[in-house]
Amino acid sequence: MDRRSFLSTTAGVIAATALTSLPSFEQTSGAPGLSWEQIRALFPLDPTVIQMSGFFLTCHPKPVADEIEKHRRGLDANPFMYIEDNVEKLERAVRDSVVDYFGGGFDDYAMTDSTTMGLGTIYNGLKLKPGQEVLTTEHDHWSTQRSLDFMTQRTGATLKRIALYDDPAFADADEIVSRIRKALTPKTRILAVTWLHSSWGVKLPIGQIADVVAEANRNRHEDDYTLLCVDGVHGFGIEDVTIEDLRADFFIAGCHKWIFGPRGTGLIYGSSRAWKAVIPTIPDFDVMWRPFDFATWDESKLPKAGLMTPGGFHSFEHRWALPAAFALHQQIGKPRVAARIHQLNSQCKEALSGINKVRLWTPKSPEMSAGIVCFDIDGVKPGDVAKKLQAKRIIASESPYVKSCARVAPSLLTMPEDLETMLKAIREVAGS
């Protein structure tokens, strides 16, 4: 049995094991695998509230919680020997599970504790030459903005921010790509973008942007290539794609949102040319488990992704439980995950657009949006919209940007009746 087949089989075993004590639910629509009710039952969420902000931080599903507890018991019983006996096997299993889910190679991935840690690790480790520029957008999260600010303060590089659209509701892939193409120059070393904007719910056409970057890099020396760096956290765990589809040079994401991974886990994917462009800012601890000669302290034989994995002692029981999260997604099926989330979000957007006084900010097209739906209600502040929904036991949120809006996020944990209850509550808040 090859590695991929082994991992897929193991994924099914891990996810199925957690279901043995669950009641037998009727499968929905004859779909293979777990029903949506079975999937929801894996999460110990308060059943009296409707979760519409699952993108903020996950609740651990049973397969993940069980793995965390298993490793916790081992670490508590004998911390030194549990790590000594298991660190290589478990660190390899984490990376193998990522590769099986998202593609790439084993040594393409560095492991982190969050998207923010990954962004800081990359942007503050990138080597820039005098005169090189950084291009980013006005729509990116605070973590990207501040990481780039720190980097340009350190290097003296020029930082440019552009708008990719004027009205998010009508964001268009061709216009976005065109604006990026016009903004790129031979001096642009880094293009920093976010796959799905948590400000408006707009999803960028990363593959098309990668084509523009490849076109710009034609006939350039590798040291002058524009590197496409993507904060991918709000598409990772939704879309049925691999890193080969996206073709980003760096892809950075936390795993404790849509992936349902353990809290405090994340990753960085880097292409071979991208890893050459960075230097570590935090010493690695991959020397604990990768072949390494401490007598010579020669790190040249370690993969760059290992050197770029921030060291120190982490919450090992959480990182080592990450394969269970990827296994659960594989058990459900990536195409089925994507279809379900897009279906619920499309229904939500269509209904919101028909409510009096509601202004929908997120594009209706599934090609330009994913799991986050942003809107305003005339005469009601976004924060008040969130509070009024929370008072009705519906967990909505306000986006933390200069121009804020109300946000909801139908997910795999959303039942159709939850969506209807939420829409009814929004109509009441809007006075419709």
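Worth a mention:
Rundown of residues vs (1) among the aromatic types (Phe, Trp, Tyr); (2) more than 29 Å from residue 244 (Cβ to Cβ); (3) in a helix (DSSP H, G or I), yes/no style:
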residue	(1), (2), (3)
267	no, no, no
291	no, no, no
306	no, no, yes
314	no, no, no
317	no, yes, yes
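- Qualifying positions in region 340-375 - closer than 24 Å to residue 233 by Cβ, in contact with a Phe, Trp or Tyr (Cβ under 8 Å, 6 or more places away or on another chain) and open to solvent by 10 Å² or more (accessible area, probe 1.4 Å): 340, 360, 361
- Residues satisfying the stated conditions in region 142-159, i.e. open to solvent by 70 Å² or more (accessible area, probe 1.4 Å) and within 17 Å of the chain's Cα centre (by Cα): 142
- Within region 82-99, the set of residues being open to solvent by 20 Å² or more (accessible area, probe 1.4 Å) and more than 15 Å from residue 317 (Cβ to Cβ) comprises 84, 88, 92, 96.
To keep it simple, each residue is scored yes or no on (1) modelled with pLDDT of 95 or more; (2) among the β-branched types (Val, Ile, Thr); (3) surrounded by 24 or more Cβ atoms within 10 Å (Cβ to Cβ).
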{"site": "228", "(1), (2), (3)": "yes, no, yes"}
{"site": "238", "(1), (2), (3)": "yes, yes, yes"}
{"site": "244", "(1), (2), (3)": "yes, no, no"}
{"site": "248", "(1), (2), (3)": "yes, no, yes"}
{"site": "255", "(1), (2), (3)": "yes, no, yes"}
{"site": "262", "(1), (2), (3)": "yes, no, yes"}
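- Tally of residues being crowded, with 24+ Cβ neighbours inside 10 Å and within 24 Å of residue 222 (Cα to Cα) across region 110-120: 3
- Of all residue pairs spaced 6 or more apart or on separate chains, those with beta-carbon atoms under 6 Å, a first member in region 60-73 that is modelled with pLDDT of 95 or more and a second member that is surrounded by fewer than 20 Cβ atoms within 10 Å (Cβ to Cβ) are 61/43.
- Residue check, residue 221 at pLDDT below 95 and either open to solvent by 10 Å² or more (accessible area, probe 1.4 Å) or over 18 Å from residue 407 (Cβ atoms) (or both): yes
- Residue in region 106-129 that is free of Cβ contacts under 8 Å to residues at least 12 places away in the same chain and either farther than 21 Å from residue 239 by Cβ or under 22 Å from the mean Cα position of the chain (by Cα) (or both) present: no
- Selection status of residue 274, open to solvent by 80 Å² or more (accessible area, probe 1.4 Å), free of Cβ contacts under 8 Å to residues at least 60 places away in the same chain and more than 30 Å from residue 76 (Cα to Cα): no
- Only one of the listed residues (416, 410, 400) is surrounded by fewer than 17 Cβ atoms within 10 Å (Cβ to Cβ), modelled with pLDDT of 95 or more and at negative phi. That residue is 416.
- Region 381-391, residues that are surrounded by 18 or more Cβ atoms within 10 Å (Cβ to Cβ) and of a type in the set (D, E, K, R): 388
- Residue match in region 62-80 (condition: surrounded by 23 or more Cβ atoms within 10 Å (Cβ to Cβ) and of a type in the set (Val, Ile, Thr)): yes
The values are calculated or read from the model by the stated rules, or taken from the named source; none is laboratory data. Note that the coordinates shown come from a computational prediction; the quantities given were computed from them, not determined experimentally. Neighbour counts are summed over all protein chains in view; Cβ atoms, including those assigned to glycine, are modelled from backbone coordinates with ideal geometry. Keep in mind that these areas ignore ligands, DNA and RNA; they rest on the heavy atoms of the full protein, side chains included. Shrake-Rupley method; radii C 1.70, N 1.55, O 1.52, S 1.80 Å.
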